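J.: Handing you a structure now.
No lab work stands behind these numbers, since they all come straight from the coordinates. Just so we're clear, the structure is a prediction, and the values are computed from it rather than from any experiment. Cβ sites come from the backbone with ideal geometry, for glycine too, and all protein chains shown count toward neighbours.
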Amino acid sequence: MTKHTSKPSGPPQAPDFKKVRNSLRTIQHREALGGFIKAGWTPSELSAFACRISGALRKPYAHPANYRAAMEMGADHPCAARALEDLRTPKGAGAPPTARRGS
């Protein structure tokens, strides 16, 4: 008998909003999820934000507690706005290098 193990071919996919909603315990958290959706967040952006605010940057995905922490902050929190801007900025497209003055 041979065992067949299937390994994911890439990074784990972020759960869709329905799965995130199921991990939220309170009506307030579910309403806050609606705020993220109305603000135009994607499931992968919300997952990255949830990992970022919980300090779980080494984990490939957010846990339910991470999403609850993100809902406590809300989509209109300055940290959320800054995180969304960072997530949507293309990699390597930071501020231009400063010009060196000749000496």
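J.: Would you work out which of 75, 39, 20 lies farthest towards the positive end of the dipole of the range 17-87, given +1 charges on the beta-carbon of Lys and Arg and -1 on that of Asp and Glu, about the Cα centre?
T.: So the residue we want is 20.
J.: Please give the contour-minus-distance gain from residue 25 to residue 87: 0.36 nm per residue of separation, less the Cα-Cα distance, rounded to one decimal in nm.
T.: 19.7 nm
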